[in-house]
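Inspection log for the structure reproduced underneath, given as C-alpha cells.
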Amino acid sequence: VQEEAFYVCDIGDIVHKHREWKLKMPRVEPHYAVKCNDSLAVLEVLAALGTGFDCASKGEIKKILELGVDPRRIIFANPAKPASHIRYAATLGVDIMTFDNECELHKIKNLFPTAKLVIRIRSDAAIAQCQLGMKFGCDAVTEAPHLLKVAQSLGLDIVGVSFHVGSGCGDPAAFYQAISSAKMVFDIGTTLGYNFDLLDIGGGYPGNKGTSIDEIAEVVNSALDEYFPNPELVRVISEPGRFFVASAFILATNIHSKREVPSGEEVAHIMYYINDGVYGSFNALLYDHAKVTPIPLNAHISKLFPSSIWGPTCDGLDQVVQKVLLPEMSVGDWIIFEDMGAYTLPTASPFNGFPVPNVHVVADECIWFMLKDLLSFTEDHFIGNTPANLRIGLDVGGSGSVQDWAIPLSSRPTHCHQELDLESGAAIGEVIMDHSTPPTSAFQFDYVEVGPIN
C-alpha cells in the first residue's frame, strides 16, 4: 500500500519545454543545470534531445558522462573548483570551464593548462529568486581586464565570457545589460590578442506553470542581434535549470496526523501533518525562496478553515504552509503540490528517518511513441513494481477512482510525432498531427518506479 510521499514526473512536459526553447531562442544552445534536478529520467531525456549540460562538480560530470554524453557538451560552470575536480575534468576531457578570480587561474595553470576558459562577469538582475552575484562573477570594468592580462601572462586559453543574472530572474532587461557588458569584455580580449568565440548567458529562466520565457527571449534575441550579429563567429549557450523541470514534477503528500485547535466551542485552526517537509522536498522554502500552494486531491465543497501544514520531523521549523484556508480533510487524504521539479530532490535528506520521495515517470501516448521510436526508450523506463493503490486510486486503503488523479486532456490537436535531429534537437521533418477524438478516460499514462519503494 502506498502511503509515502511520491513525485510524478511528466516527461512530456520536459520534451515540450525543449521544443519551446528551440522555437523562441533558436540561436542559444541550452546546457541544462544538473544541480537543479539530477533525476536519471530527466538527464536521459535531455541528453537524447541533444542539450548540453552545466556541471558544477566532478560528481555531476561523472553522472553526465555515464549517459554517453560527449565531454564537449559539458561546461564546468563553477568559478571556484576544488583541485581534485579540475584534475578529474582534465582526465576525462571536459575542458570548457569558468573562472572569476586570479587564484583559479593559477590552479588551472598547474592542473589543466590546456583548458578552454570562460571568464564569468557579474551582472545582477534587479529582481531574482536567488541572487548569485554576491558569490560569483568579476566586475566587467574593474576586474576583468586585469584577469585577462594574468591569463595571458600564464599562457592560458580564454575562449569566451559568461554571466548569470540570478536564478528565477524577474527582470528580463537584465539580460540586455549583461550581454552588452559581455561584448565590452570581448572587445578587451581582442585588444590582448584573444579571439573569443563563446558567450554563455547563464540561467534565470522561469519554469513554473503559467510563466513564460517570451519576454526574456525577446530581450536576448534583440541583444544578440545588436552585439553579436554573426552566429558563425560566436557560439551562444545558456544554463537553464528550473525552466526545464519545475512544472514537470508534482508532489503527492499524505496526511498522517491532524490537530484541531479550539477557540471556545469552535475550531479556530486545523494543523495537518504530512509525510514530507522542509528537510525533504520542501527545503526550497528555506533557501530557494520558493512558495507552494496545497491542492487537496479529493476536495469537496465545504466550509473553509484556517489551516497550516507541517512536515513529519520533530523540528518546529518544519512548517510547509503557515496559513491557508482549506476544506476540512481527514487522515489518509492526499495533498498535491505542483511545480516541484526545481531544487527539491537534489537537496532533500532523510532527516529523522523519513525517506526522500520516489519518482514515478509518466508520459502520454504521443510522447511515449516519440521516446520509444526516436530516443530508444523502453518499457523499463515506464513500468515498475508499483503499489496497487497507485493504479486504482490514491487513498491509503486502495479504493477510490483513478479519475481523481487524471490530468485533463486538452481538446487541441496534439503533436504526436516529430522527427528530431538528436544532436541538435531541431525539427527536421513535418510534424504529424493527431486530430482524433480524445479517449473517454483522461488517464493516459502509467506510473513507474525509479528506485525501490520501501
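All of the numbers you see were taken from the coordinates with simple rules; none came from a lab. All values derive from a computational prediction rather than experimental measurement. When we count neighbours, we look across all protein chains shown, and the Cβ atoms used for this are built from the backbone with ideal geometry, even at glycine.
Got the relative contact order for the stretch 161-239 handy, in percent, Cα pairs under 8 Å and 6 or more residues apart?
Working: 95 pairs, mean separation 33.5, N = 79.
Once normalised by length, the contact order is 42 percent.
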Open item on the list: List the lysines whose Cα sits under 22 Å from the Cα of Lys209, skipping any in the same chain fewer than 8 residues away.
Closed with: Lys17, Lys22, Lys24, Lys35, Lys291
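When a footprinting reagent is the concern and you count Cβ atoms within 10 Å, what order do Arg235, Arg72 take, fewest first?
Numbers: Arg235 16, Arg72 12.
Final ranking by Cβ density, sparse to dense: Arg72, Arg235.
Counting other beta carbons within 10 Å of each residue's own, what order do Tyr227, Tyr343 fall into, fewest first?
Ordered from fewest to most neighbouring Cβ atoms within 10 Å, Tyr227, Tyr343 come out as Tyr227, Tyr343.
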Open item on the list: What are the ³J(HN,Hα) couplings of the stretch 255-270, residue after residue, when phi is run through the Karplus curve with 6.51, -1.76, 1.60 and θ = phi - 60°? Round to Hz, x for glycine and proline.
Closed with: 6, 9, 8, 8, 9, 9, 9, x, 9, x, 8, 9, 8, 8, 7, 10
Task: Cβ-based exposure ranking for Cys314, Cys55, in which fewest neighbours within 10 Å come first - done: Cys314, Cys55
Open item on the list: Whole angstrom only: what separates the Cα centroid of the stretch 1-45 from the Cα centroid of the stretch 146-205?
Closed with: 27
Task: Length gained when the stretch Arg87-Glu102 is fully extended (0.36 nm per residue, less Cα-Cα span) - done: 3.6 nm
- [ ] Find how much the distance from Val150 to Thr211 grows on full extension, using 0.36 nm per residue of separation minus their present alpha carbon separation; answer in nm with one decimal.
- [x] 17.7 nm
- [ ] Using θ = phi - 60° and the Karplus relation 6.51 cos²θ - 1.76 cosθ + 1.60, list the HN-Hα couplings for the stretch 310-316 in order, rounded to whole Hz, with x at every Gly or Pro.
- [x] 10, x, x, 7, 8, 8, x
TODO: Starting from the amide H of Val362, placed 1.01 Å from N in the peptide plane, find each other amide H under 5 Å away whose residue is 5 or more places distant or on another chain.
DONE: Cys9, Asp10, Ile11
- [ ] Show the residues, 5+ positions off or on another chain, whose built amide H is closer than 5 Å to the amide H of Phe6.
- [x] Ala252
Task: Over the stretch 248-358, volume per residue of the alpha carbon convex hull, in Å³ - done: 104
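Of the beta bridges DSSP finds with both residues in the stretch 38-240, what % are antiparallel, to the nearest 5? Please list the in-between numbers first.
On the way: 2 of 23 bridges.
Beta bridges within the stretch 38-240, antiparallel portion: roughly 10 percent.
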Task: Under 5 Å, built H, 5+ apart or other chain: amide partners of Val320 - done: Ile309, Trp310, Gly311
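Expected output is a single nm value to one decimal: the length gained when fully extending between Asp70 and Met271, i.e. 0.36 nm times separation in residues minus the C-alpha distance. What is it? If you can, show how the numbers build up before the last one.
Details: separation 201, 0.36 × 201 = 72.36 nm, distance 5.04 nm.
Gain on extension, Asp70 to Met271, equals 67.3 nm.
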